[in-house]
Every structure is written in C-alpha cells, then in structure tokens.
1. Please go through the range 33-91 and pick out each residue that is farther than 17 Å from T21 by Cβ and β-branched (V, I, T).
2. Hey, could you check the range 11-55 for residues that are among the polar types (S, T, N, Q), surrounded by fewer than 16 Cβ atoms within 10 Å (Cβ to Cβ) and within 24 Å of G79 (Cβ to Cβ) and say which is nearest to the chain's Cα centre (by Cα)?
3. Could you list, in sequence order, all residues of the range 1-52 that are assigned to a helix (DSSP H, G or I), of a type outside the set (D, E, K, R) and either in contact (Cβ under 8 Å) with a residue 60 or more places away in the chain or closer than 25 Å to Q119 by Cα (or both)?
4. Return yes or no: is G80 of a type outside the set (D, E), surrounded by 17 or more Cβ atoms within 10 Å (Cβ to Cβ) and over 11 Å from the mean Cα position of the chain (by Cα)?
5. Give me a count of the residues in the range 63-120 that are more than 23 Å from D15 (Cα to Cα), charged (D, E, K, R) and in contact with a strand residue (DSSP E or B) (Cβ under 8 Å, 6 or more places away or on another chain).
6. List, please: which pairs have Cβ atoms under 7 Å, are six or more places apart or on different chains, and start with a residue in the range 90-114 that is touching a residue at least 24 places away in the same chain (Cβ under 8 Å) and outside any helix (DSSP H, G or I) and end with one that is surrounded by 12 or more Cβ atoms within 10 Å (Cβ to Cβ) and of a type in the set (G, A, S)?
7. Look at G66 and say whether it is in a loop (DSSP other than H, G, I, E, B), over 19 Å from V110 (Cα atoms) and of a type in the set (G, A, S).
8. Tell me yes or no: at least one residue of the range 108-119 is at pLDDT below 95, acidic (D, E) and surrounded by fewer than 15 Cβ atoms within 10 Å (Cβ to Cβ).
Amino acid sequence: MIKNPLEVHSESIDDCTSVITLSGNLFGTSPGYDLQNEVKKMVSDGSTGIVVDLAKVDRIDSSGIGILMTMMWSASQAGGNLVLACIPPRVEKVLGLVMLLDRIDHADSVQEALAKLKQT
C-alpha cells in the first residue's frame, strides 16, 4: 500500500478555466492516471486554461512526470495552456533535473498562474 495516495480536487473558475489541487504522491498509480484522463476530458469539453496546484504534493516519480507532461500536451493540442503552481522544493528539484520546468509554465501561486493564463 502506498503512503500518501494522490488526492485530486477540481474547481471551475469559469467556463474555460479550472484549478486542480493535488495532495499526496504523484506516482504512476490509478489516481495519477485518472487525473491524466480527467484533464484530457476537461480540454475536450472546452477548458482552455488549467492550473495544477502542487503545494501539497509530497513526492513525484518518473511516471508522475510523464502524467504532467501528458496533461501539458493535451492542453496545448486543444489550443489551451496548463500552468503548474506552488511547486514544493522537493518536487521542483525533480522537475528541474528532467528540465520540465524549461518546457512548462509555472508560477509561485495559484493567483499568479491564473494571471499567466489570461496573458495567453
């Protein structure tokens, strides 16, 4: 049994923008892949801006990185944008090592991430 399983909470800001708050571990487990599929459905339903709040994510593994990349790709293919917010130092270190932060928008707060979405 995995300690700190991923928990996901989604909130619609408006018709085209959502904030997804994650807590626990972002691993290649059912909740992680369910999240990936949820984002695919959101963008196919018309969401053009998604903020992923990582403030309460404890750990991420290579599959979790793949999930984030797939979510980013899904949003961009639909003409939208995905911004990571509130990246904890431990997660930021891992994302930096694989140079994901060079390829995906990120912000220090959810409010800053929502402002970035409005600029695009």
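The values are calculated or read from the model by the stated rules, or taken from the named source; none is laboratory data. Keep in mind it's a predicted model, so treat the numbers as computed, not measured. So basically every Cβ, Gly included, is an ideal-geometry build from the backbone, and we count neighbours across all protein chains shown.
1. V43, T48, I65, T70, listed by residue number.
2. N37
3. Of everything in the range 1-52, those that are assigned to a helix (DSSP H, G or I), of a type outside the set (D, E, K, R) and either in contact (Cβ under 8 Å) with a residue 60 or more places away in the chain or closer than 25 Å to Q119 by Cα (or both) turn out to be Q36, V39, M42, V43, S44.
4. yes
5. 2
6. From the range 90-114, the pairs are A107/A85; A107/A113; S109/A85.
7. No: the conditions fail for G66.
8. no
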